[in-house]
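Written below as C-alpha cells is the structure these notes are about.
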Amino acid sequence: MARMTFRICVSLLLTAVLLLMGPAPSARAQDSASRAATGGAQTLEDILARQQGLKVDQAFRSEATGNPDQAAAITDQLGTLGGVSDPELWRALRFGSADVTVSSRAPAADVIIQDGGMAWLHFRAGPLLHYGGYLLLAVLAALVLFYLLRGRIRIDGGITGLTVLRFSAIERFAHWLMAGSFVVLGLTGLMMIFGRVALIPLVGKEAYAPAMAAGKWVHNNLSWAFMIGLAMVTVMWVLHNIPNRQDLVWLAKGGGLFSKGVHPPARKFNAGQKIIFWLVVVLGFSISLSGLSLLFPFELPMFAKTFAVLNDLGVPQVLGIADLPTAMTPHEEMQFAQGWHAIVAFVFIGVILAHIYIGSVGMEGAFDAMGSGEVDIQWAKEHHSLWYDEVSGRKPRDKVPAE
Amino acid sequence: MKSMYLAFLAAILIAVIAHFGLDYAGFSSRDVTSGPAVRLD
C-alpha cells in the first residue's frame with residue numbers, strides 16, 4: 001500500500017514536472033510531401049507549429065549531417081569538405097553527433113552546442129518563477145486567513161508555571177542547525193531565482209552583483225550545515241515518527257486545530273508533526289542530492305540514471321507518456337538538477353512556512369519546546385497527552401511561566 | 001536558547017570549514033576545470 005502510494009505520488013509529481021518543463025503537446029505537423037517541397041528543409045507547418053509553442057520533430061535537421069561516404073574526391077570541387085557542408089557540420093554539433101576532440105580535459109568541454117539550454121531557460125524564467133511564487137503567496141495567504149479565523153491557539157487550561165523537558169539540548173541543537181541554515185538557504189535561493197525580476201529593478205545591478213556573489217557563497221557552503229542537521233534529526237526522531245493508530249484519530253479530529261477545546265491524544269509527535277517530519281526527510285534528502293549535483297558540476301549526474309529506473313518501473317507507461325530520456329548531455333543533467341532543486345525548494349519552503357507559523361505565533365507555548373526545551377505541563381497535557389503520561393513519572397520542575 | 005545560538009554558530013563554522021576544506025581537498029574550480037597548461041595567475 002505504502003509502495004503504491006509512493007509510486008502514485010512520484011507519478012503525479014513527475015507528471016507535473018514534465019508538463020512544466022516540456023513544451024506543449026507534440027504536433028508533428030510535417031508530412032513527407034511538404035518536406036519534399038522544401039528540399040528537406042523546414043516547412044511552413046514547422047514554422048507555424050514553433051510559433052504556437054508546439055513541439056517540432058527535429059529529425060530533418062538532426063539527421064541531415066552529411067555523408068562522408070559520398071564525398072567528392074579531394075581534388076574535386078568541394079572535395080576538401082569530406083562530404084559534409086558547413087550547415088551539416090553545425091547541425092551535427094548542435095545535435096551532439098559530431099566527433100569533437102578538444103584539448104581541455106574539463107568536464108563537458110566537448111559539448112560545443114547544448115540544444116536544450118533555451119528550453120531550460122524558458123522554464124526557469126517562466127513557469128518555475130510564476131508557479132513557485134504563486135505557491136508561496138498562496139501559503140502565506142492561507143496562514144493569514146487561518147490566523148484571522150482561528151486566532152492564536154491558546155492553552156485552554158491556562159499556564160501552570162510547571163514545566164517538563166520536551167526536547168534535549170542535542171535535539172534542539174540539531175533542529176536549529178537544520179532550521180537556521182534552511183532559512184538562510186531559502187532566502188539566498190529566492191534571491192538568486194527572483195533576482196532578475198524582483199531585486200535588480202529594485203537595487204540595481206551594481207548592488208545586486210556583490211550581494212549575490214556573497215549569497216551564492218553562503219548558499220553553497222551553508223548547505224553542509226543543513227545536511228548535517230538533517231541527518232542528525234532523521235536519526236534522532238525517526239522512531240518517534242513511525243505512524244500508528246492514534247494518528248488516524250488525530251487526523252480525524254483535525255488535530256484540534258480547527259475547534260477550541262478539542263485535544264486528540266498524541267505521543268511525542270502528533271500526526272501533523274509526523275507529516276512535517278517525513279516531508280522534511282524526503283524533500284531534504286532530494287534537495288540535498290540535487291544540491292550536491294549542482295555543487296560539483298558534471299561530477300554527480302543522476303537524472304539519466306533516475307529516469308532509467310523510472311522507465312524500468314513502468315512509470316511512463318502508467319502516465320501514458322513516452323519513456324523518459326536516459327541519454328543526456330552533461331549540461332542537460334545540470335539543467336534538470338537546477339529545475340528539480342528549485343521545484344523541491346518551493347514546496348519545502350511552503351511546508352516550512354506552515355511549520356514556522358504553528359511553532360510560533362500560531363500556538364501559545366509551542367516555541368518553548370525548541371527555545372528553552374521546557375514546555376508547560378498543561379500545554380503537554382493538551383497537545384501530547386500520551387507522551388506526557390509516559391514522562392510524567394519525572395517530577396515537573398517549578399519554573400517561571402513560559403514567556 | 002543556548003542550543004539555538006550554538007547551532008547558528010556551528011552552522012557558520014561548518015560553512016567556513018567547508019569552503020577552505022573543499023578548496024584544500026582539490027575541489028576548487030581552478031583545480032577541477034583547469035590544467036597545468038592554463039595560466040590563471
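Answer yes or no as to whether A:PRO210 is away from chain B (no Cβ under 14 Å) and not in a helix (DSSP H, G or I).
In short, no.
Hey, among the residues in segment A:73-110 that are more than 14 Å from chain B (Cβ to nearest Cβ), under 28 Å from B:PRO36 (Cβ atoms) and β-branched (Val, Ile, Thr), which one's surrounded by the most Cβ atoms within 10 Å (Cβ to Cβ)?
Here the residue is A:VAL100.
Tell me yes or no: at least one residue of segment A:160-183 is in contact with a strand residue (DSSP E or B) (Cβ under 8 Å, 6 or more places away or on another chain), touching a residue at least 40 places away in the same chain (Cβ under 8 Å), within 14 Å of another protein chain (Cβ to nearest Cβ) and surrounded by 18 or more Cβ atoms within 10 Å (Cβ to Cβ).
Yes: segment A:160-183 contains one or more residues that are in contact with a strand residue (DSSP E or B) (Cβ under 8 Å, 6 or more places away or on another chain), touching a residue at least 40 places away in the same chain (Cβ under 8 Å), within 14 Å of another protein chain (Cβ to nearest Cβ) and surrounded by 18 or more Cβ atoms within 10 Å (Cβ to Cβ).
Give segment A:307-365 a look and list any residue that's among the aromatic types (Phe, Trp, Tyr) and either more than 22 Å from A:THR188 (Cβ to Cβ) or under 18 Å from the mean Cα position of the chain (by Cα) (or both), or say none.
Selection gives A:PHE307, A:PHE336, A:TRP340, A:PHE346, A:PHE348.
Hey, any hits in segment A:123-132 for a residue that's more than 14 Å from chain B (Cβ to nearest Cβ), farther than 30 Å from A:TYR388 by Cβ and without any contact (Cβ under 8 Å) to a residue 12 or more places away in the chain?
yes
Would you confirm, using the coordinates I've provided, whether A:ALA380 is out of contact with any helix residue (DSSP H, G or I) (no Cβ under 7 Å at 6 or more places or on another chain) and at pLDDT 90 or above?
No, not satisfied.
For every residue, the table says whether it meets (1) in contact with a Gly (Cβ under 9 Å, 6 or more places away or on another chain); (2) among the charged types (D, E, K, R); (3) modelled with pLDDT of 85 or more.
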| position | (1), (2), (3) |
| --- | --- |
| A:ALA98 | no, no, yes |
| A:ALA108 | no, no, no |
| A:ALA119 | yes, no, yes |
| A:ARG124 | yes, yes, yes |
| A:LEU129 | no, no, yes |
| A:LEU135 | yes, no, yes |
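Return the residue satisfying two criteria in turn: it lies in segment B:3-34 and is of a type in the set (Phe, Trp, Tyr) and outside any loop (DSSP other than H, G, I, E, B), and of such residues it is nearest to the other protein chains (Cβ to nearest Cβ).
In this case the residue turns out to be B:PHE8.
Those residues that are in contact with a His (Cβ under 8 Å, 6 or more places away or on another chain) and either assigned to a helix (DSSP H, G or I) or of a type in the set (A, V, I, L, M) (or both), I need them from segment A:246-291; list them, please.
A:GLY256, A:ALA266, A:ILE276, A:ILE287, A:SER290, A:GLY291
Taking the condition of being surrounded by 15 or more Cβ atoms within 10 Å (Cβ to Cβ) and touching a residue at least 12 places away in the same chain (Cβ under 8 Å), how many residues in segment A:293-317 meet it?
Residues that pass the stated criteria total 14.
What is the one condition in (1) surrounded by fewer than 17 Cβ atoms within 10 Å (Cβ to Cβ); (2) in contact with a helix residue (DSSP H, G or I) (Cβ under 9 Å, 6 or more places away or on another chain); (3) free of Cβ contacts under 8 Å to residues at least 60 places away in the same chain that A:PHE277 does not satisfy?
It fails just one condition, (1).
For A:VAL262, state whether it is surrounded by fewer than 15 Cβ atoms within 10 Å (Cβ to Cβ), in contact with a Lys or Arg (Cβ under 8 Å, 6 or more places away or on another chain) and closer than 30 Å to A:LEU143 by Cβ.
Here the answer is yes, as A:VAL262 does meet what is asked.
Restricting segment A:220-231 to residues that are within 10 Å of chain B (Cβ to nearest Cβ) and under 23 Å from A:GLY272 (Cβ atoms), which is farthest from the chain's Cα centre (by Cα)?
Looking at residues that are within 10 Å of chain B (Cβ to nearest Cβ) and under 23 Å from A:GLY272 (Cβ atoms), I get A:GLY229.
Pick out, from segment A:292-403, the helices (runs of 4 or more DSSP H) lying fully within it that include 1 or more residues that are within 14 Å of another protein chain (Cβ to nearest Cβ).
So the answer is A:330-358, A:367-370.
With the condition being of a type in the set (Phe, Trp, Tyr) and within 17 Å of the chain's Cα centre (by Cα), I'd like the helices (runs of 4 or more DSSP H) fully within segment A:83-194 carrying at least 1 qualifying residues.
The qualifying helices (runs of 4 or more DSSP H) are A:117-123, A:129-150, A:169-193.
Looking at A:ASP46, A:ASP69, which one is part of a helix (DSSP H, G or I), at pLDDT 85 or above, out of contact with any Phe, Trp or Tyr (no Cβ under 6 Å at 6 or more places or on another chain) and farther than 30 Å from B:ALA37 by Cβ?
Going through A:ASP46, A:ASP69 in turn, just one is part of a helix (DSSP H, G or I), at pLDDT 85 or above, out of contact with any Phe, Trp or Tyr (no Cβ under 6 Å at 6 or more places or on another chain) and farther than 30 Å from B:ALA37 by Cβ: A:ASP46.
How many residues are of a type in the set (D, E, K, R) and farther than 22 Å from A:MET334 by Cα when one looks only at segment A:80-139?
So the answer is 4.
Check segment A:86-97 and report whether any residue there is among the polar types (S, T, N, Q) and either in contact (Cβ under 8 Å) with a residue 24 or more places away in the chain or closer than 27 Å to A:GLN42 by Cβ (or both).
Scanning segment A:86-97 turns up at least one residue that is among the polar types (S, T, N, Q) and either in contact (Cβ under 8 Å) with a residue 24 or more places away in the chain or closer than 27 Å to A:GLN42 by Cβ (or both).
The values are calculated or read from the model by the stated rules, or taken from the named source; none is laboratory data. Model, not experiment: these values are computed from the prediction. Quick reminder, even Gly has a Cβ in these numbers, built from the backbone with ideal geometry, and neighbours come from all protein chains shown.
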